[in-house]
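A.B. asks: Starting off with a structure, shown below.
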Amino acid sequence: MKSIILPLVESPRSAKLVFLVVLDFFIFPVLIWLCYAIRQFDLGAEVVPNIPFGSVWVSAIAVFALFICGVYRFIVRTFNEFFIAKLGLATILSVIGLYLLAYSTHAFIPTSIPLMFGFMMFAWVWFSRGIIRFVVQSYLKSGVPKKRIAIYGAGHAGQQVAATLNRSNEHLPIIFIDDDPSVSGQNIGGIQVFLPHIALKCFTKFKIDEILIALPSVGRIRKSEII
């Protein structure tokens, strides 16, 4: 399996884009069929009747909307609020496109169908990219040892560092170290907080490789003392 995934990961960006476009183009006819089947309670329901190649038109509209909104630029590695916004816009454009197709041709597209398709389209793109991203990252990370990191500072800066490390292929946040007794013993984002003198005793146990200082408001002298 890894021998199949790695060439895809290492392929040019254009090849990945073509793969996603083709994948979506062949899935969208299935989604529009589901919309008609659910609405009519009939698995044999005719899809986009009264117009030749109706399913192909639906796929073309949806893929075009995704393309012009920049959804395909994200490929797999980036998956954030910008992706959601662009996907939402592409979904809205696709719904509008289906309504325009219904009013400008003889295609039989009931009012509820574009909305149902929009929901399924959003869900498909969201979950398919999530699954692809998970599979790719799982295979890339498998067998690759990560540096185990202790983060000095459990505040907002430290939590941001931990979130960044969790997305990294090379590092893994293991514990927080903080001078504040009130946060000692707490679990922040799945990472335990220790006082410095307790953390030192646990370094061997947790196999810590490095310490990162996440104290932006602390002066240089104090940072030198910590080091």
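Where a number appears in this text, it was derived from the coordinates with a stated rule and is not lab data. Here the structure is a predicted model, which means the values were calculated and not measured. With ideal geometry, Cβ positions are generated from the backbone for all residues, glycine too; neighbour counts draw on all protein chains shown.
A.B. asks: Of the residues S168, S182, S112, which exhibits the maximal mean-square fluctuation in a Gaussian network model of the chain defined by a 10 Å Cα contact cut-off?
C.D. replies: S182
A.B. asks: Here is a further query. Shape call for region 147-226 from the C-alpha gyration tensor, a ≥ b ≥ c root eigenvalues: rounded (a/c under 1.5), prolate (a/b greater than b/c) or oblate?
C.D. replies: Taking the square roots of the gyration eigenvalues as a ≥ b ≥ c, region 147-226 is rounded.
A.B. asks: F64 versus S182, label points 7 Å from Cα toward the beta carbon: distance in nm?
C.D. replies: Using points 7 Å along Cα→Cβ, the separation is 5.9 nm.
A.B. asks: Where in the chain lies the longest segment free of trypsin sites (Lys or Arg not before Pro) that are both loop residues by DSSP (not H, G, I, E, B) and have at most 14 other Cβ atoms within 10 Å?
C.D. replies: 78-166
A.B. asks: Using only Cα atoms, tell me the angle between helix 13-40 and the longest principal axis of the chain; keep it within 0 to 90° and round to the nearest 10.
C.D. replies: On a 0 to 90 degree scale, this one is about 60.
A.B. asks: In addition: Defining a contact as two alpha carbons under 8 Å apart and six or more residues distant in sequence, what relative contact order in percent does region 2-141 show?
C.D. replies: Relative contact order comes out at 28 percent.
A.B. asks: How much length would be gained if the chain were fully extended between L200 and R133, taking 0.36 nm per residue of separation minus their Cα-Cα distance, in nm to one decimal? Don't skip to the end; give the middle numbers.
C.D. replies: Working: separation 67, 0.36 × 67 = 24.12 nm, distance 3.65 nm.
Contour length minus the Cα-Cα distance gives 20.5 nm.
A.B. asks: Turning to a different aspect of this structure: Cα axis of helix 112-141 to longest principal axis of the chain: angle in degrees, 0 to 90, nearest 10?
C.D. replies: Compared with the principal axis, the helix lies near 40 degrees.
A.B. asks: List the longest stretch of the chain that has no exposed loop site; here a site is one of the GluC sites (Glu not before Pro) assigned by DSSP to anything other than H, G, I, E or B, with at most 16 other Cβ within 10 Å.
C.D. replies: 47-169
A.B. asks: Can you compute the modelled spin-label distance between F119 and R148, with each label point 7 Å from Cα toward Cβ, in nm?
C.D. replies: With each label placed 7 Å out from Cα toward Cβ, I get 4.7 nm.
A.B. asks: Region 83-175: which chymotrypsin sites (Phe, Trp or Tyr not before Pro) are DSSP loop and have at most 15 other beta-carbon atoms within 10 angstrom?
C.D. replies: Passing sites in region 83-175 are F108.
A.B. asks: Looking at [x] 50, 19, 15; [y] 37, 20, 16; [z] 31, 20, 15, which value of semi-axes √(5λ) of the Cα gyration tensor in Å comes from a calculation on the structure shown?
C.D. replies: [x]
A.B. asks: If you find the alpha carbon centre of region 59-134 and of region 13-46, how far apart are they in angstrom?
C.D. replies: 11
A.B. asks: Kindly provide the helix-only [θ] at 222 nm of the chain, computed as the sum of -39,500 (n - 2.57) over DSSP H runs of four or more divided by all residues, to the nearest 500 deg cm²/dmol?
C.D. replies: Result for the chain, helices only: -20000 deg cm²/dmol.
A.B. asks: A follow-up question, please. Where both residues lie in the chain, what percent of DSSP beta bridges are antiparallel, nearest 5?
C.D. replies: 15
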